[in-house]
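The structure appears right after this line, and notes come after that.
The values are calculated or read from the model by the stated rules, or taken from the named source; none is laboratory data. Just so it is clear, the model here is predicted, and its values are computed rather than measured. Ideal geometry is used to build each Cβ from the backbone, glycine not excepted, and the neighbour counts take in all protein chains shown. Ligands, DNA and RNA are stripped out before the accessible areas are found, and what is left, the full protein with its side chains, is counted by its heavy atoms. Shrake-Rupley method; radii C 1.70, N 1.55, O 1.52, S 1.80 Å.
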Amino acid sequence: MNLDFLAVPMGMLVRLLYNMVSGIDSKYLSAYAISIIISTIIFKLAVLPLTLKQSKSMKKMQELSPKIQELQEKYGKDPQTLQRKQMELYKEANYSPFSGCLPLLIQFPILIAFFYVIRDPVKYVFMDQELFDTINRTFLWIKDLGFAENHIFENGVVNGLSMGGMSLPFLGYALPVLAVITGVTTYLTTKMTAQPSLNEQQASTQRTMSMMMPIMIFVFSIQFPAGLALYWVVSNLFQLVQQYIVLNSSKNPKEELK
């Protein structure tokens, strides 16, 4: 799937932001890192109506979960009646079980396109390898967001926090702090955005996903440029704050879905 038609304008936005903040480039917080952070926030704000719809749908499902469990206990041996009663409950509550899926499907190509931009900034942002090689790309303890966090440069310098010459299998000589943060925030996001389980099979699947997804993201964060990990952390933090606000809203979720 070629998403250049989305990735190109996103790359232009990152370049515009980079040009705007280039004057505050510093030793520990580069303009490149700032442009990634700001563009991630702008991206999240752009898809906010979709993610809010998804979050409100999840909140409504949580409200209906006890009633659905009652129906399962009552009609568990009669699948057709159970399905009919559930649909009646959804209709009465003005809720569609697919209302949380459509926003996710719409924003998924945009998410992947933004991933392309941060993974290949030379192609989509700077258009010049020599220019990209000369700019400052530091972020706090990370020397260069263009490389993996555990990368070792030709002069022996470790990209992340050094482990003092001690090497660990797979992790190398660096403490992958940012990669660990991506895993932790992914776990929290997965738990907070999980739909209520309607049966034991679904609950088991969600438990597996809540454990496997953070591990996968952690592994990817070690292997890919650290700029991607920074993007993922900022995106997760935004999602966590948004989800917390929605789930703790005092509004009637039935009214919010209208």
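Taking segment 1-20, which residues are surrounded by fewer than 12 Cβ atoms within 10 Å (Cβ to Cβ) and not aliphatic (A, V, I, L, M)?
Our first condition is that a residue be surrounded by fewer than 12 Cβ atoms within 10 Å (Cβ to Cβ); within segment 1-20, this holds for 1-2, 5, 19.
Result: N2, F5, N19.
Scan segment 58-73 and tell me whether some residue there is part of a helix (DSSP H, G or I), among the hydrophobic types (A, V, I, L, M, F, W, C), under 19 Å from the mean Cα position of the chain (by Cα) and surrounded by 14 or more Cβ atoms within 10 Å (Cβ to Cβ). It would help to see each step written out before you state the result.
Of segment 58-73, the ones part of a helix (DSSP H, G or I) are 58-73.
Those still in the list that are among the hydrophobic types (A, V, I, L, M, F, W, C) too: 58, 61, 64, 68, 71.
Filter once more, so that each one left must be under 19 Å from the mean Cα position of the chain (by Cα): 58.
After this cut, where a residue has to be surrounded by 14 or more Cβ atoms within 10 Å (Cβ to Cβ) as well, the list is 58.
Looking through segment 58-73, at least one residue is part of a helix (DSSP H, G or I), among the hydrophobic types (A, V, I, L, M, F, W, C), under 19 Å from the mean Cα position of the chain (by Cα) and surrounded by 14 or more Cβ atoms within 10 Å (Cβ to Cβ).
Select from segment 168-187 the residues that are surrounded by fewer than 18 Cβ atoms within 10 Å (Cβ to Cβ) and modelled with pLDDT of 75 or more and write down the one among them that is farthest from I152 (Cα to Cα). Don't jump to the end; show me each part of the working.
Pass one, segment 168-187, residues surrounded by fewer than 18 Cβ atoms within 10 Å (Cβ to Cβ): 168-171, 177, 180, 184.
Restricting the remaining residues to those that are modelled with pLDDT of 75 or more gives 177, 180, 184.
Details: V177: 15, V180: 19, V184: 25 Å.
Once the filter is applied, the top-ranked residue is V184.
Here's a check for you: in segment 124-167, which residue that is within 20 Å of A229 (Cα to Cα) and of a type in the set (S, T, N, Q) is most open to solvent (accessible area, probe 1.4 Å)?
Taking the candidates together, the pick is S162.
Can we say P103 is surrounded by 14 or more Cβ atoms within 10 Å (Cβ to Cβ), of a type outside the set (S, T, Y) and modelled with pLDDT of 90 or more?
Numbers: surrounded by 14 or more Cβ atoms within 10 Å (Cβ to Cβ): yes; of a type outside the set (S, T, Y): yes; modelled with pLDDT of 90 or more: no.
No: the conditions fail for P103.
Which condition number does I24 fail, the rest of (1) of a type outside the set (F, W, Y); (2) out of contact with any Leu (no Cβ under 7 Å at 6 or more places or on another chain); (3) under 24 Å from F139 (Cβ atoms); (4) surrounded by 14 or more Cβ atoms within 10 Å (Cβ to Cβ) being met?
Only one criterion in (1) of a type outside the set (F, W, Y); (2) out of contact with any Leu (no Cβ under 7 Å at 6 or more places or on another chain); (3) under 24 Å from F139 (Cβ atoms); (4) surrounded by 14 or more Cβ atoms within 10 Å (Cβ to Cβ) is unmet by I24, namely (4).
Hey, could you check segment 27-55 for residues that are open to solvent by 50 Å² or more (accessible area, probe 1.4 Å) and not aliphatic (A, V, I, L, M) and say which is farthest from the chain's Cα centre (by Cα)?
Taking the candidates together, the pick is K27.
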